[in-house]
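Asks: The following block contains the structure, expressed as structure tokens.
The values are calculated or read from the model by the stated rules, or taken from the named source; none is laboratory data. Worth saying up front: this structure is predicted, and the values here are computed from it rather than measured. Because the Cβ atoms are built from the backbone with ideal geometry, glycine has one as well, and the counts that use them run over all protein chains shown.
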Amino acid sequence: MSIKRNIYSLVACIFLAYGFCATFVNAESSNTGTQDSISESAKIHLTEEEKIWLANHPDIVFGYTSSFEPLLIENENGEFSGIIVDLFEVINRRLNTNFSMYINKWPTVLRKAQDKEIDGVLVMKSSLADRMGLLKTKIAATDYPTFYIRRNADFKIESLDDIKGKTISYMKLAAYADEILKPYKDDINVIECTQSHMPLKMVADGTADLALTLTSNIYTVAKHRYTNIDPKYTLWQYPVEGVMGIRPDWPILVGIINKVLDSFTEEERNAVYSKWGALQYKKSFNYALLWEILGGISVVIIFFIWSNIALRHLVKRRTDELMATTLQYRTLFESASDAICILKEGVVVMCNKKAVSLFGYESEQEFIGINAQTVSPELQPNRQSSKELAYARIEQTLSGNPQFFEWQHQKKDGTLFDAEVNLTPIKVRGKLCILGVIRDITEKKEAERALLESKKKAEESDRLKTAFLASLSHEIRTPMNGILGFADLLKQPEIPEKEKEDFINVIETSGQRMLNIINDLIDISKIEAGQVVLNKEATLIHEILDDVYNFFHHKAKERHIDLICDKPLPDDAAVLEIDKNKITQILTNLVVNAFKFTESGSISFGYKHKDNVLEFYVKDTGIGIDKQMHNIIFERFRQVDITFSSKNEGSGLGLSISKAFVEKHDGEIWVTSKINHGSTFHFTLPYKPVQKI
Ligand code: ADP
């Protein structure tokens, strides 16, 4: 509720309260009007004798008591008002006299009247006046006995019989009460009171069931705020009438007073009674009630305003807190390194910037609205349908089981990437949705793959080394056995010269083989250590080719293999700045291998001039090499057949040494081969011919 609205309410309430109280104010003014009309309208016709008598008796005093409210009411300042006072004032005004009032306790008043210390009693029972020997005027005031009852009483009073069994409070010495209650005295309990408000108080606080007092006592009800009791049953058949008692020696005054009493019309009397039956009620409530109501309203409004302000502060604080929290979450959401989406019925309804960029979309608007299938390929790596798998995951999540799994996603441009996906069920505005967190794990996957690869390689390398060591020991032992065995044979004295020569040849060959192996090991160690140094010099490559040809010519002949050497360029165009030994070693390696793996046919070698390179080749018609091994054989220790039973000698280092030497010359080496159709090894050298010195 706003402060404005509170103020409107306050104003409305003040008007209401004012209106409520204004009703009484109006009643007061109307009664005052009645009183005025009493004094104005009446004309009293006194005889000359009466006028003279009055003139001679200016100090007439009438007595009364304040015990009978509202006949006479004394306020806290000792001022008097009430029905008697009104009547008395009217009498004085109409007779133009100055009668005064003596007020004291009732017995004192009566005694003084009897002793003629005062001249009369204002209102008293006719019978009492008789008993006291006072003269009586006509009826000055009439009232009626009335039963007062609590508003929430559980019984009704509609006839005198209804008082049976009840406790009834009333004023002591009230003759009308004695008369009314007498027939029922055996059926009722009575409480006699000495103060006029007590019978009513007893009903109000529940001590008595009924109070029997006068109709005019409604004034007392209002004065004492006995708000829970009402006058309920009035005994109109028992009027309580009062006369004025006048000292016995002044009958003339009785006549004068009677004239005034006669001048009262019925309306005038009723006006006085209703004034004291209702007006006082109003008076006692009027401003106090107004202030009470306003006070109450103000308290309520102040409370509302206070609570409103407090509430606004609270709301503001909570709003600020909420905004700060929202901002924090938003920042977290936006700055997250993972893509975050909220899916409703399988469709993206919210996402962060990372999601947009990860899937390669332009903007959030473009990304929102797409479904899970759009960002997945048709099939996952396990060949299962993405649609079916995604559906199952979503179902599981919605039924309360969060999902964590690897997924292959597809970007807008069709690129695939591996992701880790975390799906959690959440409620958004009461609707069950899915919070999806997608992490790109491409790098992780690649690292995994690389790790696996290197693991495989390490294992392979380990395996190769084992095989190498085995083959190395075989390679070394074979020639060593040859050397030692034949050297031993040479010790025999009677060996023919021819055999001796053969033995020495075997020892030489074996020694050479050992030397080759040792050279290979030294070379590969140098390569490993990065210590290969080229001794370049201007070299006629035809010389190298001729050397190789000459070296293998006899072997080819022995094995009935055609050995062909091709040298297309003229000598002066075939001089290059190269390390002659290393190029010779490369060609020798390749030709050795060709012999190793060729049973029959031919081995041709040479070069071709292509643009800015010379492309060397060694071609055989041997066993050929499986395509899968074409690259691998250039790695260290690699052999197509690494089994122990391999009949081919070799350490598996020749090609890797050749490759390192070729690359050192800025060339390339490769093989083209088909199993059982022979192999051709190629390597290039940059063609920058120089002059031979
Ligand atoms: P090795 O000392 O074992 O010959 P290489 O590095 O020279 O070592 O060769 C590696 C492997 O390549 C050989 O073991 C063989 O399996 C294969 N290879 C090399 N040259 C040929 C060829 N001309 N024909 C068939 N296989 C070959």
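Asks: Tally the residues that are closer than 14 Å to residue 662 by Cβ and among the aromatic types (Phe, Trp, Tyr), restricting the search to region 588-620. If you could, list the steps in order and put the result at the bottom.
Replies: So in region 588-620, the residues closer than 14 Å to residue 662 by Cβ come out as 588-590, 607, 613-618.
Adding the requirement that they be among the aromatic types (Phe, Trp, Tyr) leaves 607, 616-617.
Here the count works out to 3.
Asks: Looking at the structure I just gave you, is residue 589 closer than 21 Å to residue 543 by Cα, within 14 Å of the ligand (Cβ to nearest atom) and either at pLDDT below 95 or of a type outside the set (Asp, Glu) (or both)?
Replies: Values: closer than 21 Å to residue 543 by Cα: yes; within 14 Å of the ligand (Cβ to nearest atom): yes; either at pLDDT below 95 or of a type outside the set (Asp, Glu) (or both): yes.
Yes, satisfied.
Asks: Considering only region 383-501, give the strands (runs of 3 or more DSSP E) lying wholly within it that have at least 1 residues that are touching a Gly at 6+ places or on another chain (Cβ under 7 Å).
Replies: Working: elements: 403-410, 416-428, 431-440.
The strands (runs of 3 or more DSSP E) meeting that bar are 416-428.
Asks: Restricting attention to region 593-607, which residues are more than 12 Å from the ligand (Cβ to nearest atom) and under 16 Å from residue 583 (Cβ atoms)?
Replies: Within region 593-607, 606, 607 meet the criteria.
Asks: OK, next. Any chance region 83-92 includes a residue that's modelled with pLDDT of 90 or more and closer than 29 Å to residue 208 by Cα? Walk me through how you get there before you give the answer.
Replies: If we filter region 83-92 for residues that are modelled with pLDDT of 90 or more, which is where we start, we get none.
No: zero hits.
Asks: Would you check which residues across region 573-591 are closer than 22 Å to residue 526 by Cα and among the hydrophobic types (A, V, I, L, M, F, W, C) and list them?
Replies: 578, 583, 586, 587, 590
Asks: Please work out which residue is nearest to residue 221 (Cα to Cα), limiting yourself to region 186-211 and to residues that are modelled with pLDDT under 90 and surrounded by fewer than 16 Cβ atoms within 10 Å (Cβ to Cβ).
Replies: Of region 186-211, the ones modelled with pLDDT under 90 are 194-197.
Pick out the ones that are also surrounded by fewer than 16 Cβ atoms within 10 Å (Cβ to Cβ) and you get 194-195.
On the way: 194: 16, 195: 13 Å.
Going through the qualifying residues, I end up with 195.
Asks: Related question: What tally of residues in region 504-526 results from selecting those that are at pLDDT 85 or above, farther than 18 Å from residue 474 by Cβ and surrounded by fewer than 19 Cβ atoms within 10 Å (Cβ to Cβ)?
Replies: Within region 504-526, residues that are at pLDDT 85 or above, farther than 18 Å from residue 474 by Cβ and surrounded by fewer than 19 Cβ atoms within 10 Å (Cβ to Cβ) number 5.
Asks: Out of 657, 632, I need the residue that is over 15 Å from residue 520 (Cα atoms), at pLDDT below 95 and near the ligand (Cβ under 9 Å from one of its atoms). Which one? Working first, answer last.
Replies: Working: 657 fails: over 15 Å from residue 520 (Cα atoms).
Only one candidate qualifies: 632.
Asks: Tell me yes or no: at least one residue of region 552-567 is touching a Gly at 6+ places or on another chain (Cβ under 7 Å), more than 13 Å from the ligand (Cβ to nearest atom) and outside any strand (DSSP E or B). Quick ask: steps written out before the conclusion?
Replies: As a first pass, look at region 552-567 and keep what is touching a Gly at 6+ places or on another chain (Cβ under 7 Å): 561, 565-567.
Cutting the leftovers down to more than 13 Å from the ligand (Cβ to nearest atom) gives us 565-567.
Of the ones still in play, those that are also outside any strand (DSSP E or B) are 567.
Yes, the conditions are met somewhere in region 552-567.
Asks: Does residue 430 qualify as being surrounded by fewer than 16 Cβ atoms within 10 Å (Cβ to Cβ), small (Gly, Ala, Ser) and in contact (Cβ under 8 Å) with a residue 12 or more places away in the chain? Show your work before the answer.
Replies: Values: surrounded by fewer than 16 Cβ atoms within 10 Å (Cβ to Cβ): yes; small (Gly, Ala, Ser): yes; in contact (Cβ under 8 Å) with a residue 12 or more places away in the chain: no.
Taking the combined requirement at face value, the residue does not satisfy it.
Asks: Which number in (1) at pLDDT 95 or above; (2) outside any strand (DSSP E or B); (3) more than 8 Å from the ligand (Cβ to nearest atom) marks the one condition that residue 624 misses?
Replies: For residue 624, the failing item is (3).
Asks: Which count do you get for residues in region 344-370 that are surrounded by 20 or more Cβ atoms within 10 Å (Cβ to Cβ) and in a strand (DSSP E or B)?
Replies: So the answer is 2.
Asks: Moving on to the next point. Taking region 660-681 on its own, how many of its residues are at pLDDT below 95 and either near the ligand (Cβ under 7 Å from one of its atoms) or part of a strand (DSSP E or B) (or both)?
Replies: Counting residues in region 660-681 that are at pLDDT below 95 and either near the ligand (Cβ under 7 Å from one of its atoms) or part of a strand (DSSP E or B) (or both) gives 0.
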